[in-house]
Amino acid sequence: MYKDILFSQSAGVARITFNRPEVLNALSPNLIAELTDATQKVALDESIKVLIVTGIGRAWSAGVDLQSLNDSIQEGYFSNTEVLEMGVAFILALQSMPQVTIAQVNGHCYTGAMELMLAFDLVYAADEAQIGDTHTKWGIAPKWGMTQRLQQKVGLLKAMEMSFTAEPIKGQEAARIGLVNQSVPLEELEEKVSQVAEKIKANSAQTIAAMKKMYYFGAHHGLHRGLEYEWQADFKITDREQFLRDFKKNK
C-alpha cells in the first residue's frame with residue numbers, strides 16, 4: 001500500500017515505520033504524503049487506541065530530504081508549498097486525533113524530523129539517539145513549529161542554544177531537559193514503548209481523548225483560557241460505566 005513507510009496494526013495499536021534506511025529515513029515528499037495519509041486514516045479508526053511512529057535502521061529520520069524535495073519540484077510531482085502543507089496536516093492530525101501518539105525515536109532525529117517529533121503526545125528515545133535542530137546549519141527557516149514547540153518543551157534559553165549552535169544532544173540529555181519522556185538503551189526501547197501502550201489501552205479511551213483536547217487547548221491558548229475551557233467542556237464519555245462496573249467487581 002505504501003512505498004516509503006510500513007504500516008501495521010494489532011490489538012488496538014497502529015505502527016508506522018519510516019522505511020528509507022539508505023538515506024537515514026530522510027523525509028521525501030512522498031514519505032510525508034504517505035505518513036499524512038496513514039495518520040489521517042488511523043484517526044478515523046475507533047479500534048485503534050495508540051499510534052506509534054518509529055524508523056528502520058540507524059535513524060528515526062534525518063530530516064527533510066532536500067535532494068528528493070528538489071527533484072520532486074523540478075519533475076512537477078510536488079511543490080514546496082504542498083510539502084509544507086502536508087507536514088502541517090500531519091501535525092494537525094496528530095494533535096487532533098483521539099488516539100495517543102508516541103514517537104519511538106530509535107536513532108538520528110534532526111531538523112524537520114525533530115519538528116514532527118515535537119508534535120507527538122509522548123516521546124521515548126534510545127540513549128544512543130541523536131536529536132537536534134540543524135536549521136541554522138543549512139540556512140533554512142523552520143515552518144513546522146520548531147521555534148514555538150521547542151521552547152514550550154525545554155524553555156526559551158535551551159531552545160535557542162540548541163537552534164543557534166545546531167548541536168544535537170543524546171537521548172539521555174533529551175530526557176533530562178524534558179524534550180522526551182524517557183530514554184532507555186536501544187535494545188529496550190521497543191519493549192518500553194509497548195509497555196506504555198498497554199497501560200494506555202487499559203484506560204478510558206474517551207476520557208483520554210477529552211483530556212488530550214484540553215491539554216492542547218491550554219498549550220495553544222494559555223492558562224486562563226485553558227481553565228475556562230476545562231470548566232465549560234462537556235464531553236460525552238460512555239465507556240466509564242464499564243470501568244465503574246469493573247472497579248466494583250475488583251474491589
To the nearest Å², the heavy-atom accessible area per residue of the chain with 1.4 Å probe amounts to 54 Å²
Reduced to Cα centres, the span from segment 186-218 to segment 10-41 in Å works out to 20 Å
Quick calc of log₁₀ I(q)/I(0), the chain, Debye, one scatterer on every Cα, no solvent, q values 0.12 1/Å, result -0.72
In terms of the charge dipole of segment 133-195, which places +1 on Lys and Arg and -1 on Asp and Glu at the beta carbon, the residue among Val180, Ser163, Ser194 farthest towards the positive end is Ser163
Under the 7 Å Cα-to-Cβ spin-label approximation, Trp138 and Tyr2 lie apart by a distance in nanometres of 2.0 nm
Ignoring GluC sites (Glu not before Pro) buried by more than 13 other Cβ within 10 Å or outside DSSP loops, the longest site-free run in the chain is 76-251
Largest-first ranking of Arg58, Arg225 by accessible area, probe 1.4 Å, whole protein assembly kept, is Arg58, Arg225
Label model pair Gln182, Met214: point-to-point distance (7 angstrom along the Cα→beta-carbon line) in nm is 2.4 nm
Among Ala14, Leu27, Thr39, the residue whose Cα sits farthest towards the positive end of the charge dipole of segment 1-42, when +1 is placed on the Cβ of each Lys and Arg and -1 on the Cβ of each Asp and Glu, is Ala14
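Run the helix sum for the chain: -39,500 (n - 2.57) per DSSP H stretch of 4+ residues, divided by residue count, reported at 222 nm to the nearest 500 deg cm²/dmol.
-15500 deg cm²/dmol
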Toy charge model, Lys and Arg Cβ at +1, Asp and Glu Cβ at -1: segment 1-70 dipole around Cα centroid in debye, rounded to 20, equals 180 debye
If exposed means chymotrypsin sites (Phe, Trp or Tyr not before Pro) lying in a DSSP loop and surrounded by at most 16 other beta carbons within 10 Å, then the longest stretch of the chain lacking such sites spans residues 78-234
The percentage of the accessible area of the chain (probe 1.4 Å, all protein chains present) made up of carbon and sulfur atoms, to the nearest whole number, is 54 percent
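Rounded if a/c is under 1.5, else prolate if a/b is larger than b/c, else oblate: which is segment 111-217, with a ≥ b ≥ c the root eigenvalues of its Cα gyration tensor? Write down the numbers at each step before the final one.
Details: a/c = 2.47, a/b = 1.43, b/c = 1.72.
Verdict is oblate for segment 111-217.
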Here, Lys199 and Gln9, labelled 7 Å along Cα→Cβ, have an inter-label distance in nm of 2.5 nm
Counting only backbone N atoms under 13 Å from a point 7 Å out along Cα-to-Cβ of Gln206, the residues of segment 221-236 in range are 234-236
With +1 on the Cβ of every Lys and Arg and -1 on the Cβ of every Asp and Glu, the dipole magnitude of the chain about its Cα centre, in debye rounded to the nearest 20, is 940 debye
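The values are calculated or read from the model by the stated rules, or taken from the named source; none is laboratory data. Source: prediction; values computed, not measured. Neighbour counts are summed over all protein chains in view; Cβ atoms, including those assigned to glycine, are modelled from backbone coordinates with ideal geometry. For the accessible areas, the whole protein counts, side chains as well, though only heavy atoms, and no ligand, DNA or RNA atoms are used. Shrake-Rupley method; radii C 1.70, N 1.55, O 1.52, S 1.80 Å.
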